[in-house]
């Protein structure tokens, strides 16, 4: 049973009459894994998540959750879901909403009595549990949604933009909650625009565009693929660049001064920024020496590991995506 | 399912739908008391009936008051049924409430049935209170039927509008937007009501036979589209046992044709209305099973 993946989707497809949806999405998420699902607006991310939680019927392919067919009660019993569009019964109190979810999950009353206040406390609305949901802010409703998703102690949790309405502190708190869930071995499927969350939390990820998986892989591998180094060089002459490229065999280019370093260009001076993709620090030291040998002044060297945001921008730049026409 | 049923009751109570309905019902019943008192003024009195004519007067007064009360009551329970349920699927799906609930280990048909039962039990309970109140008020001012079988049958017909309209309303809510379904249901109910109304008035229009036949066909189609008003007319017929008293007494209420109860639909039509309800419910639940949210 341990070999059964948490999510096993094979060519999962949803075709709408307007051509949207997603097609032939094949991914496997192992138990205890945190999986990030990225993509521009309208890429089909939410459609895919909704298929996994049983809100939408696929038009093709198949998938299972923890070995159970999509939409089956067995699969639903083991999952938690925080929808992208979240609203809760405003005539109920926060505590009653979570209790409603607990009852639907057939959780015993005594257990629910103990667990619900703890959960509300954990998501940061413990003091407001007795208030009607209609008095909750969007951020509080999102926290409430997280409590609902966790009430059955799920083995897998689907989170569709879990921090979209939260302030920075709220986002940090949610991230910490998710980190704790991950430590407890709960599988996390995170659909988020907050690439930083995916970067910090997820083991693997997939990028969806126009309803199809464009790229996928381990987050650590994607981020370690390229480490670029930036050299702030004074007394620069164009000869230096061609000389360096010729003698090092590396690809070194001049960037708009300070680009990507948070520094503004120094117009009118002979100070420039050079960028090179290097394997390690030794290579950087060697390049430093060469620059100085050529009579230039080296003001600053910065190592810049690629962030997920840049990877994402790079992956989707130039691609048309369906969100543009919305 | 019981959780969803309970949630539905809580929703109706917390949203103050029932409170407002009961308050307005109370206001209506006060007004109805005075109407019944006015109409019942020419009542010969229970202990002073000297001849058959006075008996008929007392009976027709009671029939008129009851018909008037149930005419209004039918409106109220119809609109309560429609407005309580017209946005149950579309509205909750548009807001996002349903997307959080349905991934729970609860079969969709149980959610649907739970909501349906919640609305129907509330509506029928309210219909019972209204039915009884109208009957008791009329009893104070005029004569009312006392045959228990007739009373039970007429109440069941009176309340049958609730499951009928809720079944159609929930079906529409799964197909149309909340606003669209509200308009659709109001117009559908209006069409059925208009069909019944034209049927009642057709006798006083002095039309040629051909024109009358065409009109009857049209009103028949309208009643078939929405048999709620027809159920209501059958209800008054059962209450006064019209098939038994036959031509003994005229219940056309003179010129007040709107509540004319002398023309009423057949038993076959009641069977049709029951089938209509069951089919609407079945299609609604099947459609909801496959609905993408």
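Filter the range B:197-209 down to the residues that are assigned to a helix (DSSP H, G or I) and modelled with pLDDT under 80, then identify the one that is farthest from residue B:229 (Cα to Cα).
My answer is B:209.
Answer with yes or no whether residue A:58 is more than 8 Å from every other protein chain (Cβ to nearest Cβ) and crowded, with 17+ Cβ neighbours inside 10 Å.
Working: more than 8 Å from every other protein chain (Cβ to nearest Cβ): yes; crowded, with 17+ Cβ neighbours inside 10 Å: yes.
Yes: the conditions hold for residue A:58.
Looking at the range A:63-77 only, could you name the residues that are at the interface with chain B (Cβ under 9 Å from one of its Cβ atoms) and touching a strand residue (DSSP E or B) at 6+ places or on another chain (Cβ under 7 Å)?
A:74, A:75
Would it be correct to say that residue B:194 is modelled with pLDDT of 85 or more, surrounded by fewer than 22 Cβ atoms within 10 Å (Cβ to Cβ) and over 22 Å from residue B:128 (Cα atoms)?
yes
With (1) on the phi < 0 side of the Ramachandran plot; (2) more than 19 Å from the chain's Cα centre (by Cα); (3) buried (at least 21 other Cβ atoms within 10 Å of the Cβ) as the list, and residue A:50 as the residue in question, which single condition is left unmet?
The single condition residue A:50 does not satisfy is (2).
Just a yes or no: is a residue in the range A:119-140 within 26 Å of residue B:11 (Cα to Cα), away from chain B (no Cβ under 12 Å) and touching a residue at least 60 places away in the same chain (Cβ under 8 Å)?
For the range A:119-140, residues within 26 Å of residue B:11 (Cα to Cα), away from chain B (no Cβ under 12 Å) and touching a residue at least 60 places away in the same chain (Cβ under 8 Å): absent.
With A:112, A:149 as the choices, which residue is part of a helix (DSSP H, G or I) and within 10 Å of chain B (Cβ to nearest Cβ)?
Working: A:112 fails: within 10 Å of chain B (Cβ to nearest Cβ).
After ruling out the rest, the residue left standing is A:149.
Residue A:91 is checked against (1) touching a helix residue (DSSP H, G or I) at 6+ places or on another chain (Cβ under 8 Å); (2) modelled with pLDDT under 95; (3) within 24 Å of residue A:187 (Cα to Cα) and fails just one. What number does that condition carry?
Of everything listed in (1) touching a helix residue (DSSP H, G or I) at 6+ places or on another chain (Cβ under 8 Å); (2) modelled with pLDDT under 95; (3) within 24 Å of residue A:187 (Cα to Cα), residue A:91 misses just condition (3).
When you go through (1) assigned to a helix (DSSP H, G or I); (2) within 17 Å of residue A:33 (Cβ to Cβ) one by one for residue A:139, which number turns out not to apply?
Unmet for residue A:139, out of (1) assigned to a helix (DSSP H, G or I); (2) within 17 Å of residue A:33 (Cβ to Cβ): (2).
Looking at B:86, B:131, which is the one that is under 20 Å from residue B:235 (Cα atoms), touching a residue at least 24 places away in the same chain (Cβ under 8 Å) and surrounded by 21 or more Cβ atoms within 10 Å (Cβ to Cβ)?
Testing whether each residue is under 20 Å from residue B:235 (Cα atoms), touching a residue at least 24 places away in the same chain (Cβ under 8 Å) and surrounded by 21 or more Cβ atoms within 10 Å (Cβ to Cβ) leaves just B:131.
Take the residues of the range A:200-221 that are surrounded by fewer than 19 Cβ atoms within 10 Å (Cβ to Cβ) and assigned to a helix (DSSP H, G or I): which is farthest from the chain's Cα centre (by Cα)?
My answer is A:221.
The values are calculated or read from the model by the stated rules, or taken from the named source; none is laboratory data. Note that the structure is predicted; figures quoted are calculated from it, not measured. Neighbour counts run over all protein chains shown; Cβ positions are idealised from the backbone, glycine included.
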